[in-house]
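Q: This structure is in C-alpha cells; I'll ask about it shortly.
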2 protein chains.
Amino acid sequence: MTAITPPRMTPTAVRILDTAEVLFYLHGLRAVGVERIAEEAETTKKTIYDRFGSKDGLITAYLAQRRDRWHAYALAFVDRHEPDPGAARVLALLRALDSWMDDNARGCGFVNAYAELAGTGHAGLSIIADEKQWTRDYYVELLTEAGIADPQRRGRELALVHEGVVVQLTAGAQPHAMADARSLAGRIVGPWP
Amino acid sequence: MTAITPPRMTPTAVRILDTAEVLFYLHGLRAVGVERIAEEAETTKKTIYDRFGSKDGLITAYLAQRRDRWHAYALAFVDRHEPDPGAARVLALLRALDSWMDDNARGCGFVNAYAELAGTGHAGLSIIADEKQWTRDYYVELLTEAGIADPQRRGRELALVHEGVVVQLTAGAQPHAMADARSLAGRIVGPWP
DNA sequence: CTGCGAGTATACCGACCGGTATGGTTACGT
DNA sequence: ACGTAACCATACCGGTCGGTATACTCGCAG
C-alpha cells in the first residue's frame, strides 16, 4: 500500500498554496523556487515540505486548486448572468472566460503548465487534461439543456474556439480576438444552413 | 550604435541550433541547460557562447529558426497540395498543421515558449507574436485570393480554430479534435446563412 | 503534566545553473 | 609565412536549485 497522503490544509498550507498559485502562474513552474514561495508566504521551506512533500506535490496541488477555482468561477458566472437554458446561456461560458482573463492575462495556466510538464510523468498532467475535458463537457451540457441539436459536436467546436481565443489574446498579441470568438461562437450555437 | 551582431552560422553553429531546437521544443527552455546542448551537439559551451552570446541569444535564434521552418513548411504544403485558389486551398493550411503535428506532438513551440518567457522582456517574445500574426495573415491572404467575402474576419476566425485545435490535441488530450476543427473550418470558409 | 502536531529559524548538502578563463589545435586567406 | 577565425578541452566562478537535519517554541488534548 503506497497510499498518497493528501496535503493537510492547515492555515499555513493555505497561505503557501495561494502564494504558489500566484507565483507559478505568473512566472512559470521552474522559474519559481521553493525558497521564494516560502519567503512570500512568510513561512519556511521546512513547512512546505512537511505539508506538500515535494515541489512536485506543491505543483500538483496548485493545478488542482486552480482547476477547482476555474470550475467554480465558470459555474457561478453562467448561473448568475444567464440562469435560463438557451443559446445565451451557452455563450455565457465564453463570457465567463472573458471576465476570468481580466485577472489572468498570462494565458491558460494549464496550457502553460503543460508546456513545462509534458514528457515527464508528472501527476499534474492528468489534472490538466481533466480541466480541458470539464470545459468541453460543460459546453455540451449547456447545449443539451438548451435543446440545441448535435450538442456533442457543437460543444467540442466551442471548446476549440475557447482555447484558441486564449492563445490569440496572449501569445498571439491579438487584443481583439475575443470579439471574433464571440461572433464565431454565436454562429456555432445558432441555426445551421 | 548598439548594433546586435546576428550569429554567424558556421557549421558548428548550425549543429548547435538544430540540437537546441529539438531539446528546447521537447523539454522546455529552462529544463535544458547549455551544457547538455553542447554535449548533444558534440561541441563545447565555449563555442556556443562564441556563436550566440548567451543562452537567451540561443533561445531567440531557436524561435526564429522554428518560425522560419514553419512558414516554409506551410507555404510548401499548401502550394503542393492545393495550387489553385479557392476554399480547398484555404483549408489546406489547416491540413498543413495536421501534417506538421505528426512530428511535433508537444504542441505549439511558440505557445510553450511564451509560457516560460511572458513577463520577462525577452527578445523572443516578438518572434512569437510574429509567427501568430503570420499565420493569421496567411489565412486572410488565402481567403482573399479565393475571392471569399469578408476575408479579414474569416481569417481571424480560422486562426482561432487553428490555435484551438493544437491545444485540444495536446494539453486537452482530445485525439479527435482535428476532425472537429476541419468541419468547423469548412463551415467558416463555406457559404454564409 | 505530558506528548504531539504545527510552525519557526537556520544551517547544510550535493548537484546543477549560466557564464568565463586559459590554452591549445586546425584550416585558410593574404 | 603569418594572422585570424573556428573550434576543442577543461577547469573554474558565484549563485541557486530541491531537499534534509537540527533544534527550538507554542497551543492543545489526553
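Q: Regarding segment B:91-112, can at least one residue be identified that is small (Gly, Ala, Ser), loosely packed, with under 15 Cβ neighbours inside 10 Å, under 24 Å from A:VAL166 (Cβ atoms) and more than 10 Å from DNA strand C (Cβ to nearest atom)?
A: Among the residues of segment B:91-112, at least one is small (Gly, Ala, Ser), loosely packed, with under 15 Cβ neighbours inside 10 Å, under 24 Å from A:VAL166 (Cβ atoms) and more than 10 Å from DNA strand C (Cβ to nearest atom), which makes the answer yes.
Q: Go through segment B:133-173 and count every residue that is part of a loop (DSSP other than H, G, I, E, B) and more than 7 Å from chain A (Cβ to nearest Cβ).
A: Summing the residues that are part of a loop (DSSP other than H, G, I, E, B) and more than 7 Å from chain A (Cβ to nearest Cβ) in segment B:133-173 gives 5.
Q: Go through segment B:13-42 and give me each residue that's out of contact with any helix residue (DSSP H, G or I) (no Cβ under 6 Å at 6 or more places or on another chain) and β-branched (Val, Ile, Thr).
A: Hits for segment B:13-42 are B:VAL14, B:VAL22.
Q: Also: Could you list all residues from segment B:84-107 that are under 15 Å from B:VAL22 (Cα atoms) and of a type in the set (A, V, I, L, M, F, W, C)?
A: Scanning segment B:84-107 gives B:TRP100, B:MET101, B:ALA105.
Q: So, in segment A:46-102, of the ones that are part of a loop (DSSP other than H, G, I, E, B) and either free of Cβ contacts under 8 Å to residues at least 40 places away in the same chain or within 16 Å of DNA strand D (Cβ to nearest atom) (or both), which residue ends up farthest from the other protein chains (Cβ to nearest Cβ)?
A: Checked segment A:46-102; the qualifying residue farthest from the other protein chains (Cβ to nearest Cβ) is A:PRO83.
Q: Now, a different point. For residues in segment A:113-132 being facing chain B (nearest Cβ under 9 Å) and not in a helix (DSSP H, G or I), which is surrounded by the most Cβ atoms within 10 Å (Cβ to Cβ)?
A: So the residue we want is A:ALA118.
Q: Any idea which of (1) in contact (Cβ under 8 Å) with a residue 60 or more places away in the chain; (2) within 16 Å of DNA strand C (Cβ to nearest atom); (3) more than 14 Å from every other protein chain (Cβ to nearest Cβ) is the one B:ARG8 doesn't satisfy?
A: Result: B:ARG8 fails condition (1) only.
Readers should treat all values here as calculations from the given coordinates under stated rules, not as data from a laboratory. Fair warning: this is a prediction, and the values are worked out from it, not measured in the lab. Here the Cβ is made from the backbone with ideal geometry for all residues, glycine too, and neighbour counts use every protein chain on show.
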